[in-house]
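Below you'll find the structure, written out as structure tokens, and then a few comments.
Just so it is clear, none of the values below were taken in a lab; they were calculated from the coordinates. Nothing here was measured: the structure is a model prediction, and the numbers come from that model. Please note: Cβ atoms are built from the backbone with ideal geometry, for glycine as well, and neighbour counts cover all protein chains shown.
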Amino acid sequence: MQWPPHDTYASAPLCPSAPAVYLDASFSRMPMRLSRYFLPVMRDTPAEAQIVSHRLMLRAGMIRQQAAGIYVWLPLGLRVLKKIEQVVREEQNRAGAVEILMPTIQSADLWRESGRYEAYGAEMLRIQDRHERAMLFGPTAEEVVTDVFRAFVKSYRDLPLNLYNIQWKFRDEVRPRFGVMRGREFLMKDAYSFDLDEAGARAAYNRMFVAYLNTFARLGLKAIPMRADTGPIGGDLSHEFIILAETGESQVFCDRDLVDMAAPGDVDFYGDLQPIVDARTTLYAATDDMHDAAEFEKRVPESRRLSARGIEVGHIFYFGEKYSKPMKANVMGPDGQEKPVHMGSYGIGVSRLVGGVIEASHDEAGIIWPESIAPFDIAVVNLKAGDANADAAAEQAYAALTKAGRDPLLDDTDARPGTKFSTMDLIGAPYQLIIGPKGLEKGVVEIKTRKTGAREELSLEAALNRLSAA
RNA sequence: CGGGGUGUAGCUCAGCCUGGUAGAGCAUCAGCUUUGGGAGCUGAGGGUCGCGAGUUCGAAUCCCGCCGCCCCGACCA
């Protein structure tokens, strides 16, 4: 096939209707008009979906199941996924972690070194390449990152180091369910810290702990760190971050005071983070497998005892020399002695969070996105496409909001008003700017706040000022 | 992996028990009428009834095998 000359691409806009300024690979801003978009919403609820996030993601045209626990991400879902990914990335970077990208397909040999090739059960998807070499679709990446580390880092002077990646993983769950909340293929942020000793590792752990608080807060979630099982390693350095939702997978118990504890926000990640961590780990909080009813009642006054369902959205873990020792990831210490590096790993289920956010934020009509990750932040609804006044006002609004750096979706289709309202409520943009001929005759448009349902009539100019400023 | 379901039009489902030419609503397309919270009328298109092998004159329906998907449990980011 003959490819067009390169400058054909260079000169042609990727989408004829979209000025170059629209293009943004991070999806942080990509205004769209519905007539040119792909938004296959469904009125009926597919029978296979049981929980609300799964139902709403299917109905809103965010995903399509391709096989059990494996999904196609449709445009609307992909936008949210990318926006969550970007929030996670920014907070990892802020906490000093450095992004890499590791392969999805890994060599079995690495896993034999750590001993996990045999230890990992049927959840690991084992595959063979054409040379009959044993490969696998990575369920996690400790081995790969340890291999990277040992190849390049030899001295304590290069520590601390935290490498993370955001990559698709595969775990061949016996029973995938809850849509993307427990798929087999899932997008995960996994970070790996490397330190000279346990004290250094604890500081690394605290940085991720705080980064997680900030990350989930930016996603509009109240995430509570709960002590998790540390397994054979022991110690107190493992926490699951749990969001509360009625459909949560596990029962959790905690002190109510933890629920509304504010995120730390701007902190010095290389200062002392221990007080921040302590403030959130001294109060009682446990998942059912770690729960101690007697201790719960002893430590938490009855009025503050909270028993609820929770969804795990993050997990941080210190595991010391578990991988560095068998894989010989050693560093030279200041004392001239070579020793295995101390490691920790820190996961966030990025694709799971899409479902998790919906579980935590929806109503009968559909999804209610937090502004930070909404696929579109403003839905501009032209109630009567084809009406000259409505068209002009809607186009003006769309252009102004785009220019103001917002991320609007313009519904310029000729569907009926009721259909438009239902669709926009379903896909959950935080604000709807409703423009119709009747309002324009009176000189007003309407702003509807999705979360509260509050509507306000005001002039187009005032509406644009308000929505541009946010 | 144990237990229980289910598979019929894009979606939700009826028909299966008791075998006899494939159905409804929504969606799609055309036309007309409508137009501020999922419109109405008329017409049209759309299905190897999951796959395979049986029984039978005849199978969506009965028998056997396989596969997919869902739910409960165990397991899990």
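Cross-link candidates for residue A:298: which aspartates and glutamates have Cα within less than 12 Å, leaving aside residues fewer than 8 places away along the same chain?
A:255
Just to confirm my numbers, what's the Cα centroid distance between the range A:418-470 and the range A:51-107 in Å?
The distance from the Cα centre of the range A:418-470 to that of the range A:51-107 comes to 29 Å.
Just to confirm my numbers, what's the Cα centroid distance between the range A:194-225 and the range A:286-340 in Å?
Using only Cα atoms to place each centre, the spacing works out to 12 Å.
Grab the DSSP H runs of chain A that are 4 residues or longer, score each as -39,500 (n - 2.57), total them, divide by all residues and round the 222 nm result to the nearest 500 deg cm²/dmol. Show your work: numbers first, answer last.
On the way: 14 runs with 146 residues, N = 470.
-9000 deg cm²/dmol, from helical runs alone.
How about residue A:438: which aspartates and glutamates have a C-alpha closer than 20 Å to its C-alpha, ignoring those fewer than 8 places off in the same chain?
Straight-distance partners of residue A:438: A:387, A:391, A:395, A:411, A:412, A:414, A:446, A:456, A:457, A:461.
On C-alpha positions alone, give me the angle between the axis of helix A:75-94 and the longest principal axis of chain A, in degrees, nearest 10.
50
Whole-Hz ³J(HN,Hα) for each residue in the range A:387-392, computed from phi via Karplus 6.51 cos²θ - 1.76 cosθ + 1.60 with θ = phi - 60°, x for glycine and proline: what do you get?
Coupling constants for the range A:387-392: 7, 4, 5, 5, 4, 5 Hz.
So what's the angle, to the nearest 10 degrees on a 0 to 90 scale, between helix A:460-469 and the longest Cα principal axis of chain A?
Tilt relative to chain A: about 10 degrees.
Please report the projected area of chain A's Cα convex hull averaged over all directions, in nm². Please report the intermediate quantities before stating the final value.
Working: hull surface 110.8 nm².
About 27.7 nm², averaged over all directions.
Sorted by mean Cβ packing within 10 Å, highest first, what order do the peptides A:380-389, A:105-114, A:344-353 take?
On the way: A:380-389: 19.7, A:105-114: 17.3, A:344-353: 25.3.
So the order, starting with the most tightly packed, is A:344-353, A:380-389, A:105-114.
Nearest 5 percent is fine: what portion of the DSSP beta bridges confined to the range A:63-363 is antiparallel?
On the way: 60 of 64 bridges.
For the range A:63-363, the DSSP antiparallel bridge percentage is about 95.
Which of the listed residues, A:262, A:144, A:324, is farthest toward the dipole's positive end in the range A:63-363, when Lys, Arg count +1 and Asp, Glu count -1 at the beta-carbon?
A:144
Treating the angle as unsigned and between 0 and 90°, give the value, to the nearest 10°, between the Cα long axis of helix A:417-427 and the longest Cα principal axis of chain A.
Value to nearest ten degrees: 10.
Looking at the range A:368-470 only, what percent of DSSP beta bridges run antiparallel? Nearest 5 please.
Values: 8 of 17 bridges.
Approximately 45 percent, going by the DSSP bridge assignments.
List the aspartates and glutamates whose alpha-carbon lies under 16 Å from that of residue A:169, not counting same-chain residues fewer than 8 positions away?
A:85, A:123, A:142, A:143, A:185, A:190
Of the listed pairs A:82/A:325; A:384/A:448; A:82/A:322; A:222/A:322; A:189/A:222; A:83/A:420, which have alpha-carbon separations greater than 29 Å here? Please list the in-between numbers first.
Values: A:82/A:325 36 Å; A:384/A:448 17 Å; A:82/A:322 33 Å; A:222/A:322 32 Å; A:189/A:222 19 Å; A:83/A:420 24 Å.
Violating the 29 Å limit, Cα to Cα: A:82/A:325; A:82/A:322; A:222/A:322.
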